[in-house]
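Comments concern the structure below.
The values are calculated or read from the model by the stated rules, or taken from the named source; none is laboratory data. These numbers were taken from a predicted model, which means no experiment stands behind them. When we count neighbours, we look across all protein chains shown, and the Cβ atoms used for this are built from the backbone with ideal geometry, even at glycine. Surface accessibility is based on the protein's heavy atoms, side chains included, excluding ligands, DNA and RNA. Shrake-Rupley method; radii C 1.70, N 1.55, O 1.52, S 1.80 Å.
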Amino acid sequence: LAESEAALERLHTLAADGSLSREEKIRQILEVGRDRLGVDIGFLTHIVDETLTVEEGVGDHPIAEAGVTVPLSKAYCRHTIGSTEPFAVDDAVADGLEDDPAFETSGLACYLGATIRVDGEQYGTVCFADTEPRSRTFTDSERTFVDLLTDWVSYLLEQRKYAAERASHQERLSGILNTTQSLMQARDRSEVAEIAANAAQN
């Protein structure tokens, strides 16, 4: 309980820090989760068309490098995605997963991951793992903490999405205003037609 309270306090401090970008906040949230669970790596994935892409990661392991892509069929996340509960592996070998493609590909002996949604749509996963097996099982408290941490990351991703949509809307509006100004300054019908054709292409 004390560990969870300390980790939650760190999350609140991060949320209030206006000097950090959304990406940096996500990385530091992953750091908090890694510390809380006592594992080496944490990463955020985006899953599209059976392909997993790591968006942000912390820790010294190839799977935690941003931009890495892995077939979903070779990742523990295939068990996680779409589930309402976190998926956990305490000891891949002891749990009978030594022939699992995820263990064979990554060598990750323990894993705890949860599905992340953005605007209610399935987006990917937030995962924590280690090449060493756990000396004890992941507790209900740890699973609940990962669920909560996933909500924080989801909120940041929704903010990013809204910011991008706002920027795109402003860019379109600027284009419309520029086209309108050009039409008002056109000398004849042929120039109006040319401006209109260029605007349609853009």
**Asked** Residues of the stretch 35-140: accessible area per residue at 1.4 Å, in Å²?
**Response** 46
**Message:** Taking the Cα centroid of the stretch 1-40 and of the stretch 50-127, what is the distance between the two, rounded to the nearest whole Å?
**Reply:** 20
**Item:** Student exercise, the stretch 37-169 dipole from Lys, Arg, Asp, Glu Cβ charges, in Debye to nearest 20
**Value:** 420
**Item:** Ranked by how many other beta carbons lie within 10 Å on average, peptides 70-78, 84-92 from highest
**Value:** 70-78, 84-92
**Prompt:** Okay, which of the stretch 5-23 sit inside 14 Å, backbone N to the point 7 Å along the Cα-Cβ direction of Asp95?
**Reply:** none
**Request:** Roll a 1.4 angstrom probe over the protein heavy atoms and tell me the percent of accessible area of the stretch 15-117 that is carbon or sulfur.
**Result:** 45
**Message:** Taking R0 as 22 Å, what FRET efficiency do you get between Glu5 and Tyr155 from their Cβ-Cβ distance, rounded to the nearest 0.05?
**Reply:** 0.60
